[in-house]
1. Can you tell me which condition residue 225 does not meet? The list is (1) closer than 14 Å to residue 172 by Cα; (2) open to solvent by less than 50 Å² (accessible area, probe 1.4 Å); (3) modelled with pLDDT of 85 or more, and all the others hold.
2. I'd like the full set of residues that are touching a residue at least 24 places away in the same chain (Cβ under 8 Å) and open to solvent by 40 Å² or more (accessible area, probe 1.4 Å), limited to the stretch 27-39.
3. Please go through the stretch 1-21 and give me each residue that is among the β-branched types (Val, Ile, Thr) and open to solvent by 40 Å² or more (accessible area, probe 1.4 Å), ordered by number.
4. Scan the stretch 139-167 for residues that are farther than 21 Å from residue 211 by Cα, of a type outside the set (Val, Ile, Thr) and either surrounded by 14 or more Cβ atoms within 10 Å (Cβ to Cβ) or modelled with pLDDT of 85 or more (or both) and jot them down.
5. Name the pairs whose Cβ atoms lie under 9 Å apart, with the first residue in the stretch 261-273 and of a type outside the set (Val, Ile, Thr), the second in a helix (DSSP H, G or I) and open to solvent by 50 Å² or more (accessible area, probe 1.4 Å), and 6 or more positions between them or separate chains?
6. So which pairs qualify, if the first residue must be in the stretch 203-221 and open to solvent by less than 20 Å² (accessible area, probe 1.4 Å), the second must be assigned to a loop (DSSP other than H, G, I, E, B), the Cβ gap must be under 6 Å, and the two must be at least 6 apart or on different chains?
7. Please state which one of 71, 79, 94 is of a type in the set (Gly, Ala, Ser), in contact (Cβ under 8 Å) with a residue 60 or more places away in the chain, touching an Asp or Glu at 6+ places or on another chain (Cβ under 9 Å) and in a helix (DSSP H, G or I).
8. Can you report the number of residues in the stretch 40-60 which are free of Cβ contacts under 8 Å to residues at least 60 places away in the same chain and in a helix (DSSP H, G or I)?
Amino acid sequence: MELAYEEGQPIRQFLIDNRQVFEDQLLTEAKTVRDKIEEIQLIGNINLLENAHKLVLFVVDEKQDEVVNFARQEGIVWAKHSLTLALKIEWIQAIRRTLWDFLYQYDKFNEKVSSREEFYYMESRINDLIDKFLNGFFINYSSFKDKLIEDQRKLVENLSAPIIPITSKISILPIIGTMDRYRATIIEEKVLLEIGQRHVQKLIMDFSGIAEMETEVMQLFLKLLDGISMMGCEAVITGLRPDIVRNMVDLEVEFGQHFETKGSLQQALDGYLHSDDKILN
């Protein structure tokens, strides 16, 4: 397809008038991305071709603030929908190559021979703005991903220690899954904080859902039980399995020293919620 050109028109108008040719050439340059355009549109509602035109017009107009802001928006959207960086890099480099080819064709239509100074000025401005876009995109992509990971980490931590208040004085901590040192540390921090903030007087810790607990982790829990007692809260442990009891016996734990045990969570709830009216008051 031939390029349209009117004498004296600015490069911006030249790009607008030849939008379809620009798109065709861009898609030829970005072979991998070309096959992903519809998928990216579906996943993130991102119109790659429209955004490519927006970027090149910002660049040729030397609108630095708009380039930086657009990079921020794009970085966040790509991170939010977990689109790959490799596709973005290929796409931007294809935009760069296509834009430079159009700048060359524009100069040919103008029959203008640029001086060395003019060429290097244009080269530095065009490439600098595209590089600013890439830099801004990566920074915002990374920042959003880091925040997402941190939010997910906090969510996992909260789920790792779901303290459930059942009265103003009694709370339950059901512990489910594998118990390692990291998770034990999270539980320790959250339990002591919750006891202090909510003035919990009795904490029922249900161990029936624990898949595995190493001796080192058991020692951390024993220290936690000491801390619970020091804060004026009574710990009640339910659902102890035989293997966990054996570990506690091997550690010479004195049952009843800082905590009480019940056979099951239901047994503890029946005892504290239905038989002891004083606790509820």
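1. (1)
2. Listed by number, the residues that qualify are 29, 32, 36.
3. 16
4. Across the stretch 139-167, the qualifying residues are 140, 141, 142, 143, 144, 145, 146, 147, 165.
5. Partner pairs satisfying both residue conditions: 272/280; 273/280.
6. From residues that are open to solvent by less than 20 Å² (accessible area, probe 1.4 Å), the pairs are 203/233; 206/239; 207/239; 207/240.
7. 94
8. 14
The values are calculated or read from the model by the stated rules, or taken from the named source; none is laboratory data. Treat the numbers as computed from the prediction; the structure is a model and nothing was measured. So basically every Cβ, Gly included, is an ideal-geometry build from the backbone, and we count neighbours across all protein chains shown. Surface accessibility is based on the protein's heavy atoms, side chains included, excluding ligands, DNA and RNA. Shrake-Rupley method; radii C 1.70, N 1.55, O 1.52, S 1.80 Å.
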